[in-house]
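Shown next, in structure tokens, is the structure this report addresses.
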Amino acid sequence: MKIVDLQFEESVYTYIKPFHIANNIASEKTNITVSLVTDSGITGRGEASPSFRVNGECVPALMALRSQILQAIKGMDAMNYLQVFDVLDRFSMTSSSLKMAVQYATVDAICQRLDMAPFQFFGGREESVETDKTVSIGTLEDTLADVGEIVGEGFDIVKIKVGEDLRSDIERVVSVSDRFRNISLIVDANTGYTAKEAIVFADAVYREGFRA
């Protein structure tokens, strides 16, 4: 199952409402859909979600790498996926989301060939994975309404974005913890706090009975 082509396509996702995290508000997200084409007619797919603020990646720069990555792995047998991964790791010490997308596309092609799901390929220990849903920074009223909607959808884990206004963040998190006692909460400041502010935040919410 030799690799014969690699295709990148920009995929733009528009949020239902602006997504507000510490020091950033976004209305859409651009990802890169990766298609790894093999000579057996199987095409594996993966997706990269670049973030300049997290790891310095930007979509135009990653899109420009397509021909170089293809040249590095073209003709390789996708079934020997660790060899493909080694080449990708040597190709670049950065571009982590893009390398992950090409790696996953390789695994996806193998799974199609073997007629198995990716979780089975990786050992099949768990047949399901519980995930969370995120509430962006907003007013107390908006936060409580958003969490209520998420809980109504059946989620038992909710992530709350904080990191811009310490006093408001404490009020929002404590209020959610008090009102929704049967869910687990994750708090994410996205590097918005100094070390001292993070300690003050943690001390304040735990004093009020916050449950992570």
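What follows is calculated from the coordinates using simple rules that are stated; it is not laboratory data. All figures in this text were calculated on a predicted structure; none of them were measured in a lab. Note that each Cβ is placed from the backbone with ideal geometry, even for glycine, and that neighbours are counted across all protein chains shown.
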Computed label-point distance, nm, for sites SER35 and MET63 using a 7 Å Cα→Cβ extension | 1.6
Largest fluctuation, PHE119, PHE201, PHE155 only, Gaussian network model of the chain with Cα springs under 10 angstrom, belongs to PHE119
What is the spin-label model distance, in nm, from ARG53 to LEU140 if the labels are put 7 Å beyond Cα along the C-beta direction?
-> 2.5
Longest exposed-site-free window of the chain, the sites being GluC sites (Glu not before Pro) in a DSSP loop that have at most 10 other C-beta atoms within 10 Å | 1-125
Could you give log10 I(q)/I(0) at q = 0.14, 0.18, 0.22 Å⁻¹ for the stretch 3-121, computed by the Debye formula over C-alpha point scatterers of equal weight, without solvent?
-> -0.61, -0.91, -1.21
Which order do VAL205, VAL37, VAL87 fall in if you start with the one that has the fewest other Cβ atoms within 10 Å?
-> VAL87, VAL37, VAL205
Ranked from fewest to most other Cβ atoms within 10 Å of their own Cβ, TYR206, TYR193 fall in the order TYR206, TYR193
proj_area_mean for the stretch 173-212 (convex hull on C-alpha atoms), units nm², value 2.7
Only one of the values (1) 150; (2) 164; (3) 103 was calculated from this structure for volume of the Cα convex hull per residue in Å³; name its label.
-> (1)
Alpha-carbon centroid distance for the pair the stretch 14-74 / the stretch 76-138, whole angstrom | 14
Which of the aspartates and glutamates could be linked to LYS17 by a straight reach, that is with a Cα gap under 16 Å, when you skip same-chain ones fewer than 8 residues away?
-> GLU28, GLU141, ASP142, ASP146, GLU149
Per residue of the stretch 49-64, in order, report the coupling 6.51 cos²θ - 1.76 cosθ + 1.60 (Karplus, θ = phi - 60°) as ³J(HN,Hα) in whole Hz, putting x for Gly and Pro.
-> 10, x, 9, 5, 5, 8, 9, x, 8, 9, 4, x, 5, 5, 4, 6
With unit charges on the beta carbon (Lys/Arg positive, Asp/Glu negative), name the residue among ILE199, ILE160, SER184 whose Cα is farthest towards the positive pole of the charge dipole of the stretch 133-207.
-> ILE199
